[in-house]
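Read-outs throughout are calculated quantities, based only on the coordinates presented, and are distinct from any laboratory measurement. All of these numbers come straight from a predicted model, not from anything done at the bench. Cβ coordinates were reconstructed from backbone atoms using ideal geometry, including for glycine residues, and neighbour counts include every protein chain displayed.
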Amino acid sequence: MELDVIRETVREIAPEYTRVRHHLHQNPELSGQEQETSAFVAQELHKLGLDDVRTDVGGHGVIAQLNGSGTGPIFALRADMDALPIQEESDLPYKSCKPGLMHACGHDGHTATLLGTAAALARLRDRFAGSIRFIFQPAEETVHGAEGMCEEGAMEGVDAIVALHGWPGMAVGKIGVRPGPMMASSDTFEVTIRGKGAHAAMPHISVDPIVVGAQIVMALQTVASREISPVEPVVVTVGQFNAGTAHNIIPFKAEIRGTVRCLSTSIRESMPERIERIIAGICSAARAEYTFKYRKGTPVTVNDVNINNLVSEVAAETLGASNVVPLEAPSMGAEDFAVYLGYAPGAMFRLGVGESVTPLHTPTYNFADDAIAHGMELFTRTAIRFLKDHAA
């Protein structure tokens, strides 16, 4: 298909989906609470006359399918819809209307881009055979939304899937690509240490859970530095340490919570034993007791080589080869897009939203309007190219 046909279609409708993003940005909803966003997305999809629109999939997820002019494979595109519990600090005319909530990760841009892509492909449906499935996911920030959607059939029959993530620090008009591991797994752990309380002036009669906990926090850093090969990225971070009620009381209990990030599935599987072994040893030496909980979150996001190459080729044709940036390293951040990749090959790419844009998950982050058309065109062309290349 001629490049200019797709580009003209995208450019004609992109301004409407800029307005859609502004609406979404003004009306953020937390993970698992995306009722209004879900209803809005479904309404927009119905307007486009898509073949099948399903709501309440895996929570507040929405799925729609667009069938082309003949039978063929199914290609999926995914966007996430949830926001974060952050107070927005901006003077945007479309700033969040909800105190303490904002789209600080750019999911407003992801959703608007995919809605715009659906609109573009709906106009072009007579130019391809096969089907395109649009997946609008809730609860990405809690890394539970993808699993629920897949359990309810989001990936049934899908042959490949692609997603994007808006990326600050990268200029608009550029994308970042990487075959293999793209983002880390994300698991959490909780430790409750039970000691013996006492007056702060009489520490000898206590079993101080704060001292025990402090030793555990420091010792956990040796998992990455002394148990794992230096060439294998692993992060063990303690984000919470809660204990005590007053300056002159040694408490009987302390609680520690943290996260574990890995790029290797085998190392990920070994982490619960490694962590608990350290905790058990320190608590035994200090005469303290403990309970340990380890919860698996999302697996490693591993981009399929062929799908990553497809995205790269389409982007080189669309944006220019110099604007396709091979990423030197994956991110230790996590994405539950990884769950979809357990059902079909796929890839996630980074979409540049500006070199001076503030970082993700900050009170001033704002997805760039100018990036929407680029995302729409890349999604549209990638979907059509895949269906053409895999036609019966």
**Complete:** Note on region 190-271: contact order normalised by length, alpha-carbon pairs under 8 Å, 6 or more apart, percent, works out to 39 percent
**Prompt:** On average, how much area does the Cα convex hull of region 18-132 cover when viewed from any direction, in nm²?
**Reply:** 7.1 nm²
**Asked** What number, in percent, do you get for the relative contact order of the chain if the mean sequence gap of Cα pairs under 8 Å and at least 6 apart is divided by its residue count?
**Response** 25 percent
**Asked** When the convex hull of the C-alpha atoms of region 320-392 is computed, what volume per residue in Å³ does it have?
**Response** 142 Å³
**Request:** Could you work out the per residue convex hull volume over the alpha carbons of region 1-68, in cubic angstrom?
**Result:** 108 Å³
**Asked** In debye, nearest 20: dipole of the chain around its Cα centre with unit charges on the Cβ of K, R (+) and D, E (-)?
**Response** 900 debye
**Asked** Pro363: net charge of surrounding residues, Cβ under 10 Å, Lys/Arg +1, Asp/Glu -1, itself excluded?
**Response** -2
**Fill in**
In whole angstrom, the spacing between the Cα centers of region 117-158 and region 1-76 equals 9 Å
**Item:** Surface/4 estimate of mean projected area, convex hull on alpha-carbon atoms of region 188-298, nm²
**Value:** 6.9 nm²
**Complete:** Neighbour-count ranking for Met332, Met170 (other C-beta within 10 angstrom, fewest to most) reads Met332, Met170
**Message:** How much of the DSSP bridge set in the chain is antiparallel, in percent, rounded to the nearest 5?
**Reply:** 65 percent
**Message:** Springs between alpha-carbon pairs under 10 angstrom, Gaussian network model over the chain: which of His107, His60, His361 fluctuates most?
**Reply:** His361
**Asked** Any idea what diffusion coefficient region 129-260 gets from Stokes-Einstein, in µm²/s, Kirkwood Rh on alpha carbon pairs, 4 °C, 1.567 mPa s?
**Response** 66 µm²/s
**Fill in**
Total charge of the residues flanking Ser322 in space, meaning their Cβ is under 15 Å from its Cβ, with Lys and Arg +1 and Asp and Glu -1, is -1
**Asked** For the chain, what is the mean residue ellipticity at 222 nm derived from helices alone (per DSSP H run of n ≥ 4: -39500 (n - 2.57); sum divided by total residues; nearest 500 deg cm²/dmol)?
**Response** -11500 deg cm²/dmol
**Request:** Return the inverse of the average 1/r over all pairs of distinct C-alpha atoms in region 49-188, which is the Kirkwood hydrodynamic radius, in Å to one decimal.
**Result:** 16.7 Å
**Prompt:** Mind checking the log10 I(q)/I(0) for the chain at q = 0.12 Å⁻¹? Debye, one equal scatterer per Cα, no solvent, two decimals.
**Reply:** -0.92
**Item:** Burial ordering of Asp4, Asp208, fewest other beta-carbon atoms within 10 Å first
**Value:** Asp4, Asp208
**Message:** Over the Cα atoms of region 122-179, what radius of gyration and what Dmax do you get, in Å?
**Reply:** 15.0, 39
**Item:** Test item: Cα-centred dipole of region 188-298, Lys/Arg +1 and Asp/Glu -1 on Cβ, debye
**Value:** 140 debye
